[in-house]
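Every number in this text was worked out from the coordinates using simple rules, so none of it is lab data. Please read these numbers as outputs of a predicted model, since none were measured by experiment. Using ideal geometry, Cβ is built from the backbone for each residue, glycine included, and neighbour counts are taken over all protein chains shown.
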Amino acid sequence: MTGYNDSNRDDSAPQTAYTVSAVADYLKASLESDPRLADLTVVGEVSGYRNPSSGHHYFALRDEQSVLRSVMFRSGRGGQFLADGTQVICHGRISIYTARGDLQYYVDQVEPDGVGALQQAYEEMRKRLEAEGLFELDRKRPLPEMPAKIAVITSPTGAVIQDILNVLTRRYPLAEVVLIPTSVQGEKAAPEIIKAFQALNAMDDIDVAIVARGGGSLEDLWSFNEEIVARAIFASNVPVISAIGHETDTTIADYVADRRAPTPSAAAEIVAPDVRDLGGYVAGFAARIDDLISRNVRDSRSQFEMAVDRMNLRVPDTALPRQRIDDLLARARLAGQRMVESSKLRLQTVEASLNALGPAKILGRGYTITRLADGSAATSASQFSTGDKLGVTFADGSVETTVDDVDASNDASKT
């Protein structure tokens, strides 16, 4: 430390006086050089909690004997667990705020004191929302059989969105997928998920939505146990499939959603049919139409014959006027024709949907098929290296080219 000599003092006992800044800087350096204080976990009760517009968290950790002034900047994790009176476990470092000379605990992560406390909060929330009727089976909506537009609420980066897109591209390329990006972990996640559902409800052409994230601990998934997220799913204008974490993870969002999927990939398989199965669907539908027409013709003929018999019984000595019989026959024929036309129209609609799924139609909309050197279809940029030869198939032909550069970015906003 730098200081100055007091000339009025006895030279035999020289004393060095230090500036306030010098002392504060020395203490700061000493504390931050101690490895035990630079990587410190502390358990205590939160008091005096403040969260101003800056997004930083100011609070104190206390026990029966002592108080430790603490701060966590907005980049820290677990701010949602901070509230006066809660027992938490914090990780961070000890230093001095030199402007005031305050000893402070700089926190970078907060967790509830024990999973047991978090599990108890989860159970209390689940029971309360269940009592309100948010989980009732009779309010869950059926999923559309062949959705035209699918919304996905998840992080725009990472494996989850790519897994969903890969499955939908393979199984059901007819559908348009709209990504509504959001955080899926941390204190910002729940408010962003709310905004994502608000954006979903503002769209009038979405048929179904998937809300998804990968696996994690109870703390990592906690945003999907927040009451505001549960109520946002409940208020969705379209059916919602939840795919949160792994198969063994169950969140409040899973209980509220119209359908739960064990994984994001499974959600993509649930939301849309496999194009390869639609041919059999159309054949079965045509067979059902044919059977329906035959049964209706038989029923109409039987009803007509029964009506004639009843009239003959009422007037046994008088023949039914020929004109009346002709009128009944004409009406029966007209009803049969209308039934056939209606059935044909339904079949044509299904055939049009199936035709739109054909490779030629898809290519005609501007898509292409990229093939590896062995002729198989490529599904990921990671399958290529610089210099590889590849084939690209268009609606009206194909080209051969060479890879100059590979960008395996996961960022996607709309497919």
Summed over the other residues with a beta carbon less than 11 angstrom from that of residue 98, with K and R at +1 and D and E at -1, the charge totals 0
proj_area_mean for region 204-266 (convex hull on C-alpha atoms), units nm², value 4.1 nm²
Output wanted: per-residue J couplings in Hz (rounded whole) for region 80-92, from phi through Karplus 6.51 cos²θ - 1.76 cosθ + 1.60, θ = phi - 60°, x for Gly and Pro.
5, 8, 8, 6, 4, x, 7, 9, 10, 10, 10, 10, x
Just to be sure I understand the model, the point goes 7 Å from the Cα along the line to the Cβ. What's the resulting residue 342 to residue 54 distance in nm?
7.1 nm
Using eta = 0.890 mPa s and T = 25 °C, Stokes-Einstein with Kirkwood Rh from Cα pairs puts D for region 62-101, in µm² s⁻¹, at 200 µm²/s
Enumerate the calculated ³J(HN,Hα) couplings along region 219-233 in order (Karplus 6.51 cos²θ - 1.76 cosθ + 1.60, θ = phi - 60°), each rounded to whole Hz, writing x wherever the residue is Gly or Pro.
5, 4, 8, 4, 4, 8, 9, 6, 4, 5, 6, 4, 6, 5, 5
Lys and Arg at +1, Asp and Glu at -1: neighbours of residue 126 with Cβ under 12 Å from its Cβ sum to -4
Unit Cα scatterers, Debye sum, region 22-98: log10 I(q)/I(0) for q = 0.13, 0.14, 0.16, 0.24 Å⁻¹:
-0.43, -0.49, -0.64, -1.18
Aspartates and glutamates with Cα under 14 Å of residue 389, excluding same-chain neighbours fewer than 8 positions away
374, 400, 404, 405
Counting only residues 5 or more apart in sequence or on a different chain, those whose built amide H sits under 5 Å from that of residue 153 are 180, 210, 211, 212
Work out, step by step, the length gained on full extension between residue 136 and residue 298: first 0.36 nm times the residue separation, then minus their alpha carbon distance; give nm to one decimal.
54.0 nm
Neighbouring Cβ atoms within 10 Å as the yardstick, rank 82, 292, 40 fewest first.
292, 40, 82
Round to the nearest 0.05 the FRET efficiency obtained for residue 37 and residue 100 when R0 = 25 Å and r is the Cβ-Cβ distance.
0.85
Partner aspartates and glutamates whose C-alpha sits under 13 Å from that of residue 188, ignoring same-chain residues fewer than 8 away, are 220, 226
Aspartates and glutamates near residue 149 by alpha-carbon distance under 13 Å, same-chain residues fewer than 8 away left out - which ones?
176, 204, 205, 207
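Quick one: order 135, 81 by neighbouring beta-carbon count within 10 Å, fewest to most.
135, 81
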Go ahead and run the numbers for FRET between residue 67 and residue 26, Cβ-Cβ distance against an R0 of 22 Å, rounding to 0.05.
0.35
